[in-house]
Amino acid sequence: MIRDDVARLLQKAIRKAQKNGALREFVIPAIPVEWSKQDGRGDLASPICLQLASLARMAPMRIADIIVPLLPRVDYLSRIEVAHPGYINLHLDPQWLSGQVKIILDAGDAYGNVPLGKQQKVQVEFISANPTGPLHIGSGRNAVIGDALANVLAAAGYDVQREYYVNDAGTQMGLFSETLYARYAQALGRSEAVPEDGYQGAYMLELGQRAAAEHGDRFLTMPRADALKGLNDIGLSYMLDSIRRDAEFMGIHYDRWFSERSLYEDGTFGYVMTLLREGRHVLEKDGAVWFTAGGTSNEKDEVIIRSNGAPGYFASDIAYHYDKFVRRGFDRVIDVWGADHQGHVPRMHAMMKALGLDAHRLSIIIYQLVTLKRSGEVVRLSKRTGDIVTLREVLEDVGADAVRYFLLSRAAESQMDFDLDLAKEQSNENPVYYIQYAHARICSIIRLAQEREQGESHGNLALLTHPMEQALIRSMLVLPEVIELAALNLAPHHLAAYAQELASQFHSFYRDCRVVSSDAADQEITLARLDLVRAARAVLAKVLHIMGMSAPEQM
């Protein structure tokens with residue numbers, strides 16, 4: 001990546017200045033290099049001299065005057081300048097920049113990939129909502145973050161597996177089966193009260209009616225415990241089918257659906273409890289079994305087995321992550337959790353240490369709430385009262401591409417408003433429309449060239465010297481950096497901002513540079529610009545696909 005190359009050049013120049021005595025000895029910090037935002041300030045700029053002033057005990061402008069003459073000469077830089085109060089501005093060679101179009105075209109789908117992961121085995125576990133109700137918009141944000149991150153990591157050279165953790169054990173599933181039994185009985189005309197803390201949503205009425213239609217009254221003629229178990233399995237199947245369909249609507253496909261119940265059935269939990277006892281990480285008090293990280297404060301203690309003998313949520317978490325790291329051998333695990341799980345993060349790292357695992361191998365992304373808005377008013381969500389706006393309803397209303405883009409457009413730790421009206425708007429105010437229209441416009445240009453039998457051969461890329469041509473190429477060169485940034489920081493929202501910037505650069509190029517011309521005198525520049533728009537199409541399609549969005553050819 002060009003930015004990294006420039007940073008290495010600056011580091012070499014600083015070291016050379018230290019060796020010849022022009023600069024005093026000090027540890028050279030990381031060297032920042034950024035793409036310039038202002039015209040006339042070069043393509044790249046570094047404020048390193050400002051940062052070195054205290055270390056070198058010298059004015060930044062003086063440091064720059066020492067460093068710049070020592071920079072090695074390279075083909076991709078045409079000139080280097082010093083700007084007050086000590087910036088180093090670097091200009092890319094226009095011919096080198098134009099030549100990058102061929103590099104992009106030759107790379108094809110692989111352009112933008114970076115060799116960070118070295119095929120390390122990474123699991124991304126996301127959504128994992130309790131299968132006790134339909135997915136809502138918060139689950140949608142979980143889905144978008146997790147799936148886009150998995151795409152980013154794959155592009156960064158990791159061996160990625162997607163997983164959904166099915167919470168098919170515990171208290172909530174018990175309440176779910178009790179509620180379903182009541183709704184099933186009611187559908188068959190029997191009076192049966194829904195548990196006070198059961199699931200009150202209208203979807204439970206539908207599930208009860210469906211179970212009655214498909215299975216008749218057979219669950220009313222057997223012992224209640226057997227009926228609850230049978231309806232639990234049936235209801236779980238219904239809900240998982242619904243969740244799968246919602247995921248597929250968004251283009252998400254899992255490598256594995258992992259059953260929480262299996263941790264208890266195959267002995268994993270029992271074995272992990274033995275390990276914790278041997279490591280003295282558990283204690284018994286108040287009739288329950290507690291996990292302790294070995295500290296003196298009870299604030300770190302968490303219930304593993306409740307006083308009634310039932311495992312707590314943390315029990316499953318420990319066994320599940322033991323399975324991930326030890327049994328299945330993932331080098332790294334990334335869990336995507338909602339904001340209500342923020343307080344659980346420290347205990348998860350304590351759990352890793354108790355199992356003898358490096359806590360840094362587990363990353364937990366916490367995402368904040370989403371507020372739906374329509375006509376400027378908040379659309380309320382309630383999973384328990386029946387006033388439910390499901391993820392499926394939003395998907396059908398605005399489309400999967402809009403849901404994915406808007407839910408990815410801000411950092412996970414930021415709360416966000418989702419404007420349903422804007423998501424459907426077909427104007428440049430809607431970033432989804434703006435970005436996808438850029439791709440469709442490119443495809444239209446290429447179709448026009450094909451109809452005129454132009455563009456069958458490559459053009460002379462050296463002709464691509466117009467400022468808008470050069471700006472578009474510079475923008476395309478940023479893709480590998482964006483993928484690296486998103487992978488290193490587990491922050492796929494950077495893709496959304498980049499896609500909008502790239503689309504903006506293309507629209508500006510299209511405004512100022514005619515691509516397909518029927519004038520014979522313009523055929524050379526037409527061919528060169530057709531190569532440029534093909535490269536832009538490849539890069540724009542790449543970032544759209546990493547975000548999980550479609551790249552339409554017509555709009």
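Please verify whether residue 227 is surrounded by 13 or more Cβ atoms within 10 Å (Cβ to Cβ), free of Cβ contacts under 8 Å to residues at least 60 places away in the same chain and more than 20 Å from residue 130 (Cβ to Cβ), treating the condition exactly as stated. The answer is yes for residue 227. Name the pairs: first residue in segment 33-61 and under 15 Å from residue 481 (Cβ atoms), second residue of a type in the set (Gly, Ala, Ser) and not in a loop (DSSP other than H, G, I, E, B), Cβ to Cβ under 7 Å, at least 6 apart or on different chains? Final answer for the pair search is 33/7; 33/46; 34/45; 36/45. The single condition from (1) over 21 Å from the mean Cα position of the chain (by Cα); (2) in a loop (DSSP other than H, G, I, E, B); (3) at pLDDT 95 or above that residue 114 fails is (1). Of all residues in segment 459-506, those that are modelled with pLDDT under 95 and under 20 Å from residue 141 (Cβ atoms) total 0.
The helices (runs of 4 or more DSSP H) found wholly in segment 1-110 and carrying at least 1 residues that are more than 30 Å from residue 537 (Cβ to Cβ) and hydrophobic (A, V, I, L, M, F, W, C) occupy 2-19, 48-56, 60-67.
Within segment 134-144, one or more residues are at negative phi and in a strand (DSSP E or B).
The residues on offer are 248, 260, 284, 278, and the sole one that is modelled with pLDDT of 95 or more, charged (D, E, K, R) and in the same structural domain as residue 145 (by TED's automatic domain parsing) is 260.
Looking across segment 507-552 at every residue that is over 18 Å from residue 468 (Cα atoms) and in contact with a Ser or Thr (Cβ under 8 Å, 6 or more places away or on another chain), the one that is modelled with the lowest pLDDT is identified as 523.
Give the residue that is nearest to residue 475 (Cα to Cα), with candidates limited to residues of segment 509-540 that are part of a helix (DSSP H, G or I) and polar (S, T, N, Q).
Applying the filter and picking the extreme gives 526.
Among all residues of segment 479-490, there is at least one that is within 15 Å of the chain's Cα centre (by Cα), surrounded by fewer than 18 Cβ atoms within 10 Å (Cβ to Cβ) and in contact (Cβ under 8 Å) with a residue 24 or more places away in the chain.
Specify the residue that is nearest to residue 400 (Cα to Cα); the eligible residues are those in segment 425-475 that are of a type in the set (Lys, Arg) and in a helix (DSSP H, G or I). Residue satisfying both the conditions and the ranking: 441. The criterion of at least 2 residues that are touching a Pro at 6+ places or on another chain (Cβ under 6 Å) and closer than 30 Å to residue 320 by Cβ is met, among helices (runs of 4 or more DSSP H) falling completely within segment 180-291, by 224-249.
For segment 491-506, filtering for residues that are in contact with a helix residue (DSSP H, G or I) (Cβ under 6 Å, 6 or more places away or on another chain) and not in a helix (DSSP H, G or I) leaves 1.
The values are calculated or read from the model by the stated rules, or taken from the named source; none is laboratory data. What you see is a predicted model, and the numbers here were worked out from it, not measured in a lab. Methodologically, a virtual Cβ is constructed for each residue, glycine included, from the backbone with ideal geometry; neighbour enumeration extends over all protein chains shown.
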